[in-house]
Structures are given as C-alpha cells and as structure tokens.
1. Using a 1.4 angstrom probe on the protein heavy atoms only, could you order D34, D10 from most to least accessible area?
2. List the chymotrypsin sites (Phe, Trp or Tyr not before Pro) within region 33-93 that DSSP assigns to loop and that have no more than 10 neighbouring Cβ atoms inside 10 Å.
3. How far, in nm, would the chain grow between S73 and D10 when pulled straight, counting 0.36 nm per residue and subtracting the alpha carbon separation?
4. Simple spin-label model, 7 Å along Cα-to-Cβ: A61 to H46 in nm?
5. Per q in 0.15, 0.17, 0.24 Å⁻¹, report the Debye log10 I(q)/I(0) for region 11-93, using one uniform scatterer on each alpha carbon and no solvent.
Amino acid sequence: REPSLADNPDTLPPLVLALHTTAHPVGFSATLQDRPQGRLHELGFHTGEEISCLHQPGFGAPRVCRVSNATYSLDRELAEQVLVTRLAGEANA
C-alpha cells in the first residue's frame, strides 16, 4: 500500500481547522474528481499558498476560507477533499 497524505497526522482537511488557524494546502483527497480539483487549484488551493479559516457557521453551512488574497466559501463535502498541513507553531484544531 502506497502512503497517502491522509496517513500523516498533521494533514487534515480545512473543514477541521480551528477558527483563524493558518495552514498550507498539500493536496486533494484521492476521491476528488479532476474537474473540481482543477477549479480549486485555479482558485489558489495549491502547495505554497496559505489557507485560513475565517468563519465556521453551524448547522452544516459552508466554511469560509481565505486563500492568498481571496475569500471562498466551501461546502462541507468539498472542504473535506482539500488536505492541508498546519503551519509550525499553530495550535491543534
């Protein structure tokens, strides 16, 4: 079995980032299809950028994330497909 990004305990989807936590995107879930993956990459969800959680509404509402200088709302299903790793020194979610 080839190791995946999900095997790393410091890798998690942005959905579980604590409010105002900053991280780096490191890839996408193996189940994410090419089209949404390409679109997320175009929006800035790629290695080297920073992503932070700005708003965590309740009741299953979309999570609001900041990537570079843009703000996006990701629904739960899509947010769970973007894998990130916390920046050094960030508190656990």
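1. Numbers: D34 130, D10 85 Å².
Correct descending sequence by accessible area is D34, D10.
2. Values: sites: F45, F59, Y72; in loops: F45, F59.
Answer by residue number: F59.
3. On the way: separation 63, 0.36 × 63 = 22.68 nm, distance 2.31 nm.
Working it through step by step, the gained length comes to 20.4 nm.
4. The two pseudo-label positions are separated by 3.2 nm.
5. -0.45, -0.59, -1.21
The values are calculated or read from the model by the stated rules, or taken from the named source; none is laboratory data. Because the structure is predicted, anything quoted here is derived from the model rather than measured. Every residue, glycine among them, receives a Cβ derived from its backbone with ideal geometry; neighbour counts consider all protein chains shown. Side chains included, ligands, DNA and RNA excluded: accessible areas come from the protein's heavy atoms. Shrake-Rupley method; radii C 1.70, N 1.55, O 1.52, S 1.80 Å.
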